[in-house]
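Structure first, commentary second.
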Amino acid sequence: PGQGWKHYLFEFLMLFLAVFCGFLAENFREYQVEEERGKQYIQSFYEDLLVDSSHFNKLISIYQGKITVLQNMSPCYDSLLSDHPSKNCLSTIVQNSSAFPDMINTDGTLMQLKNAGGLRLLKKADADSILLYDDLLRIYKSEETSGVQEMQTALRLTITMLRSYESWKDTTNTPRVFTIYGNNKELLNKYFNQLSIYSSFCQARMNALQKLKKRNAELIEYFKTKYHYE
């Protein structure tokens, strides 16, 4: 009888160990799967960063061009008030103030990380660096869709009021030369006042883009070094 309970105890222990080892093995397999998924997310995000880098360079170049034109608008204003106004200078300014380039980042991986619980699969340092980048993107977009969009809408309205319909009818010039309707100096003054504000907005957008570009480059180098990407 004494041997009986020992036998049952031994079988119980063996069964417990088998179940426990199976539990550990399953957890280990799940950990490996999640670790691999985390690495895939990081690589996909890294590739998105490379696309963003190229896009930021293009946007910065566009804003640099706009700022250069707008910083030299005073001579054009003086010319327009003179007896022999230069039409070409106004055409260049209008071309550089009629629209601003939208910042559209490659956010497919970022959305998956945030909405599908992918961030929990990443190491804390990796997740924190990605979230900081996301914060900068959201701040930029928020400012773009508020102040910048409002200023751009006001400028377009003034441009429409300034423009002579004759310049639309003239198809001999490519691009078309912008000509003013009548001699409305008050409206012209309003336009150039708006341009002064718009120029400051463009400078602020370029500064924000350069900050984003810097963070983007830091992340590219960080993930490239840490995960040995080519």
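The values are calculated or read from the model by the stated rules, or taken from the named source; none is laboratory data. These figures come from a predicted structure and were not determined experimentally. In this analysis, Cβ positions are derived from the backbone assuming ideal geometry, glycine residues included, and neighbour counts consider all displayed protein chains. Just the protein is used for accessible areas: all its heavy atoms, side chains included, with ligands, DNA and RNA removed. Shrake-Rupley method; radii C 1.70, N 1.55, O 1.52, S 1.80 Å.
Computing the accessible area with a 1.4 Å probe over protein heavy atoms, can you report the carbon and sulfur percentage for segment 48-185?
Roughly 55 percent of what the probe reaches on segment 48-185 is carbon or sulfur.
Based on the alpha carbons, how large is the Rg to Rh ratio for segment 59-120 when Rh follows Kirkwood?
Over the Cα atoms of segment 59-120, Rg/Rh equals 1.39.
Give me the percent of Cα-Cα pairs in segment 29-136 that sit more than 17 Å apart, rounded to a whole number.
So the portion of pairs separated by more than 17 Å is 66 percent.
Counting only heavy atoms of the protein chains, get the accessible area per residue of segment 101-146 (1.4 Å probe) and round it to a whole Å² value.
Result: 53 Å² per residue.
Tabulate in residue order the Karplus-calculated ³J(HN,Hα) for segment 149-154, using 6.51 cos²θ - 1.76 cosθ + 1.60 with θ = phi - 60°, rounded to whole Hz; enter x for Gly and Pro.
So the Karplus estimates, Gly and Pro as x, are 5, 5, 5, 5, 4, 5 Hz.
Per residue, what volume in Å³ does the Cα convex hull of segment 93-230 take up?
145 Å³
Can you tell me which of 152-161, 106-115 comes out highest on packing, and rank the rest after it, using the mean Cβ neighbours within 10 Å?
Descending packing order for the listed peptides: 106-115, 152-161.
How high is the FRET efficiency from Phe16 to Tyr222, r the C-beta distance, R0 41 Å, rounded to 0.05?
Efficiency computed from Cβ-Cβ geometry: 0.35.
Amide H to amide H under 5 Å from Ile180: which residues, 5+ apart in sequence or cross-chain, H placed 1.01 Å off N in plane?
Ser164
Going through the cross-link list Lys66/Lys114; Lys114/Lys213; Lys66/Lys124, which pairs have a Cα-Cα distance over 29 Å in this structure?
Lys66/Lys114; Lys66/Lys124
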